[in-house]
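Single-structure report; data block below.
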Amino acid sequence: MMQDFSLEIKKVDDHIFAILKGELDAYHSIEFKEKMIKAIKGEGEKILLDMTELSYIDSAGLGALVSLLKRSSENSKELRIFGLKGNVKKVFELTRLNKVFKIFDTIEEAKA
């Protein structure tokens, strides 16, 4: 069974808050990127990506995140990730992307 992916985007305080659930793979990464680019163009100074319930990410998903990081800075916004767990956290460490992104453990830290 293919695990699904869901993305919920909302505005909290002055931040764009995106909740990622399930598997961010080649199949889902295009739509994820399009929705996030729209959000990045909107209001809010920080973009907070909640990955607490993200169970899997592949190279296409990582590629989408890297391009969102670039797009965020072009729009003078700061992209922050929090809640990395298990295999997803390992992938970030193996690819050294944990050095590229601003990564936090909790939403409180990410919002600060």
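The values are calculated or read from the model by the stated rules, or taken from the named source; none is laboratory data. Keep in mind it's a predicted model, so treat the numbers as computed, not measured. Note that we place each Cβ from the backbone using ideal geometry, even for glycine, and neighbour counts take in every protein chain shown.
Quick check on segment 23-44: of everything there that is more than 15 Å from ASN87 (Cα to Cα) and charged (D, E, K, R), which residue is modelled with the lowest pLDDT? Working first, answer last.
Kept after step one, since they are more than 15 Å from ASN87 (Cα to Cα), are these residues of segment 23-44: 26-44.
Add one more test, that the residue is charged (D, E, K, R), and what stays is 31, 33-35, 38, 41, 43.
Details: GLU31: 96, LYS33: 97, GLU34: 97, LYS35: 97, LYS38: 95, LYS41: 93, GLU43: 88.
Selected residue: GLU43.
Just need a number here: residues in segment 1-16 that are surrounded by 14 or more Cβ atoms within 10 Å (Cβ to Cβ) and either at positive phi or touching a residue at least 60 places away in the same chain (Cβ under 8 Å) (or both).
So the first thing to find is which residues in segment 1-16 are surrounded by 14 or more Cβ atoms within 10 Å (Cβ to Cβ), and the list is 5, 7, 9, 15-16.
After this cut, where a residue has to be either at positive phi or touching a residue at least 60 places away in the same chain (Cβ under 8 Å) (or both) as well, the list is 15-16.
Residues in segment 1-16 being surrounded by 14 or more Cβ atoms within 10 Å (Cβ to Cβ) and either at positive phi or touching a residue at least 60 places away in the same chain (Cβ under 8 Å) (or both): 2 in total.
Residue under question is GLU8, and the condition is that it be of a type in the set (Asp, Glu), in contact with a strand residue (DSSP E or B) (Cβ under 7 Å, 6 or more places away or on another chain) and over 18 Å from VAL91 (Cβ atoms); does it hold?
Numbers: of a type in the set (Asp, Glu): yes; in contact with a strand residue (DSSP E or B) (Cβ under 7 Å, 6 or more places away or on another chain): yes; over 18 Å from VAL91 (Cβ atoms): yes.
So GLU8 fits the description; yes.
Any idea how many residues of segment 17-32 are closer than 17 Å to SER67 by Cα and buried (at least 19 other Cβ atoms within 10 Å of the Cβ)?
From segment 17-32, those closer than 17 Å to SER67 by Cα are 18, 20, 24-32; that's our starting set.
Then drop every residue that is not buried (at least 19 other Cβ atoms within 10 Å of the Cβ), which leaves 18, 20, 24, 28-29, 32.
Qualifying residue count for the region: 6.
Return a yes/no flag: does segment 45-61 have any residue that is closer than 22 Å to ASP105 by Cα, at pLDDT below 95 and of a type outside the set (Gly, Ala, Ser).
There is at least one residue in segment 45-61 that is closer than 22 Å to ASP105 by Cα, at pLDDT below 95 and of a type outside the set (Gly, Ala, Ser).
Count, please, the residues in segment 41-67 that happen to be under 17 Å from LEU20 (Cα atoms), of a type outside the set (Lys, Arg) and surrounded by fewer than 21 Cβ atoms within 10 Å (Cβ to Cβ). Break it down into steps so the answer makes sense when it comes.
Going through segment 41-67, the residues under 17 Å from LEU20 (Cα atoms) turn out to be 46-67.
Still in the list and also of a type outside the set (Lys, Arg): 47-67.
Still in the list and also surrounded by fewer than 21 Cβ atoms within 10 Å (Cβ to Cβ): 50, 52-53, 55-56, 58-60, 62-63, 66-67.
Looking only at that region, the number is 12.
Consider HIS15 against the criteria (1) within 17 Å of ILE103 (Cα to Cα); (2) of a type outside the set (Lys, Arg); (3) out of contact with any Lys or Arg (no Cβ under 6 Å at 6 or more places or on another chain); (4) modelled with pLDDT under 95: it satisfies all of them except one. Which criterion is unmet?
Of everything listed in (1) within 17 Å of ILE103 (Cα to Cα); (2) of a type outside the set (Lys, Arg); (3) out of contact with any Lys or Arg (no Cβ under 6 Å at 6 or more places or on another chain); (4) modelled with pLDDT under 95, HIS15 misses just condition (3).
Which condition does LYS90 not pass, out of (1) more than 18 Å from ALA110 (Cα to Cα); (2) of a type in the set (D, E, K, R); (3) touching a residue at least 12 places away in the same chain (Cβ under 8 Å); (4) surrounded by fewer than 18 Cβ atoms within 10 Å (Cβ to Cβ), if it passes all the others?
Going through (1) more than 18 Å from ALA110 (Cα to Cα); (2) of a type in the set (D, E, K, R); (3) touching a residue at least 12 places away in the same chain (Cβ under 8 Å); (4) surrounded by fewer than 18 Cβ atoms within 10 Å (Cβ to Cβ) one by one, LYS90 breaks only (3).
In a helix (DSSP H, G or I), of a type outside the set (Ser, Thr, Tyr) and free of Cβ contacts under 8 Å to residues at least 40 places away in the same chain: does that describe LEU54? Steps first, answer last, please.
On the way: in a helix (DSSP H, G or I): no; of a type outside the set (Ser, Thr, Tyr): yes; free of Cβ contacts under 8 Å to residues at least 40 places away in the same chain: yes.
So LEU54 does not fit the description; no.
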